[in-house]
Amino acid sequence: MKANINWKEIGFGYYKTDCHIRYVWRDGKWGPGQLHQDEFMPMHIAATALHYGQAVFEGLKAYETKDGRSVLFRAVENAKRMIRSAEKTLMQPVPVDLFMEAVHKTVRANIRFLPPHGYGASMYIRPILIGTGPQIGVKPADEYVFMVLVMPVGPYFKTGFKPVKLIVEEEVDRAAPCGVGDVKVAGNYAAGMRASFAAKAKGYTEVLYLDAKKKKYIDESGPANFFAITKDDRYVTPESPSILPSITNMSLVQLAKDMKLKPKRRRISVEEIFDFKEAGCCGTAAVITPVGSITWRDRKVDYCPDGNPGKRCVELYERLTAIQRGDIKDPYGWVTEIPAE
Ligand SMILES: *Cc1c(COP(=O)(O)O)cnc(C)c1O
């Protein structure tokens with residue numbers, strides 16, 4: 001039986017469910033997964049996650065299909081990305097099979113929180129890997145914990161699929177770093193918080209970050225990749241070594257190809273914002289967020305003068321979400337069923 005939740009009203013935030021799973025890496029191996037109900041965990045005061053940011057994470061979603069199956073979207077890609085994040089920060093990587101087992105077990109143990117089909121809600125899955133062994137010198141930990149939390153979520157923005165306002169980073173925080181590269185490291189977000197909150201205080205939704213070296217090319221927008229539709233109807237998205245490779249963006253590139261939008265990853269100079277027909281941000285949490293306007297050096301480009309998202313953003317959004325929810329056939333093998341016990 002489903003949990004007693006008003007699925008229509010649910011937002012995007014932490015929500016207590018029945019349990020999460022934990023695995024400990026100690027003495028050279030991963031131990032068995034254990035389900036915990038307690039939301040707190042004791043930690044060594046010198047854990048490397050606390051002192052040196054040995055902490056990486058992932059974000060993915062589970063959906064209930066119309067015929068009642070529980071499915072995941074491209075979870076193996078998240079598993080592989082977490083391995084790359086762990087390698088970059090000298091942490092003990094979680095093998096793909098262990099990652100998948102953890103996700104399957106945690107979703108299954110909390111299946112009453114998987115939102116029913118048709119409410120626009122889903123189950124957000126948050127795997128995290130942290131260094132828990134003590135170090136005071138800058139060294140990798142000798143002990144790690146891998147956890148998976150799950151929670152039901154609704155739309156990322158309460159306003160729904162509405163165009164948002166972006167501001168180019170130099171207008172809010174000149175020293176804003178976008179991140180430490182192409183991995184999903186917790187510290188990326190701490191480094192971007194000041195810029196992001198400065199933008200919000202000025203009435204913008206998020207910051208559009210530029211490349212760290214020349215401050216000339218578009219990187220991404222906070223926790224989301226950036227894409228645009230050119231006036232000749234092509235999908236373009238920035239190529240840069242410091243962008244997190246978004247699985248949503250990867251999927252949109254494939255859909256754009258099938259929609260004859262000739263997708264291209266290339267460097268995008270910030271001046272090009274004035275030449276686009278549409279723009280959007282993409283990521284697991286919000287799927288696609290249409291960009292209504294971008295402000296840069298006292299100039300502003302308005303992509304949605306009538307307040308509605310552009311045609312291509314709508315088409316891409318509808319096609320991707322229909323595949324994720326199992327409403328249309330998935331020709332790519334992206335959607336996988338969560339096996340029974
Ligand atoms: C997670 C994340 C994204 C979105 O990636 P998805 O795989 O689409 O969820 C984009 N940028 C950053 C910095 C991220 O951490």
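A 1.4 Å probe, protein heavy atoms only, puts the accessible area of Arg319 near 80 Å². Treating r as the C-beta distance of Ala201 and Lys262 and R0 as 35 Å, the FRET efficiency rounds to 0.35. With every protein chain in place, what's the accessible area of Met43 (1.4 Å probe, Å², nearest 10)? About 70 Å², ignoring ligands and nucleic acids. In terms of its C-alpha gyration tensor, the range 164-324 has a prolate overall shape, because the principal axis ratio a/c (a ≥ b ≥ c, square roots of the eigenvalues) is not below 1.5 and a/b outweighs b/c.
Using the rule -39500 (n - 2.57) for each DSSP H run of four or more residues, divided by the residues of the chain, the 222 nm mean residue ellipticity is -7000 deg cm²/dmol. In percent, rounded to a whole number, the relative contact order of the range 20-153 is 35, using alpha-carbon pairs under 8 Å and six or more apart. Solvent exposure of Asp258, expressed as accessible area, is near 70 Å², computed with a probe of 1.4 Å over the protein chains only. Taking only Cα atoms, what is the 0 to 90° angle, nearest 10, from helix 186-201's long axis to the longest principal axis of the chain? Taking the Cα atoms of the chain, the angle to 186-201 is about 40 degrees. Compared with the dominant Cα axis of the chain, that is its longest principal axis, helix 247-258 is turned about 50°.
How much FRET efficiency would the formula 1/(1 + (r/R0)^6) give for Val76 and Tyr189, where r is the Cβ-Cβ distance and R0 is 30 Å, rounded to 0.05? FRET efficiency, Val76 to Tyr189: 0.80. Note: relative contact order over the range 203-329, using C-alpha pairs below 8 Å and six or more positions apart, is 22 percent.
Excluding residues fewer than 8 places away in the same chain, name every one of the aspartates and glutamates whose C-alpha is closer than 19 Å to that of Lys88. In chain and number order, the partners are Glu58, Glu77, Asp142, Glu143, Asp182. Mind checking which lysines have their C-alpha under 22 Å from Lys200, skipping anything on the same chain fewer than 8 residues away? Within the straight-line limit of under 22 Å, Lys200 reaches these lysines: Lys158, Lys162, Lys165, Lys215, Lys300.
Highest mean first, the peptides 193-203, 229-239, 118-128 sorted by other C-beta atoms within 10 Å per residue fall in the order 118-128, 229-239, 193-203. Seen against the Cα atoms of the chain and their longest principal axis, helix 96-109 is set at about 80 degrees. Structural descriptor for the chain: relative contact order 19 percent, calculated from alpha carbon pairs under 8 angstrom and at least 6 residues apart.
The values are calculated or read from the model by the stated rules, or taken from the named source; none is laboratory data. As the structure is a computational prediction, the values presented were derived from the model and not from experiment. Neighbour counts are summed over all protein chains in view; Cβ atoms, including those assigned to glycine, are modelled from backbone coordinates with ideal geometry. Heavy atoms of the whole protein, side chains included, go into the accessibility calculation; ligands, DNA and RNA do not. Shrake-Rupley method; radii C 1.70, N 1.55, O 1.52, S 1.80 Å.
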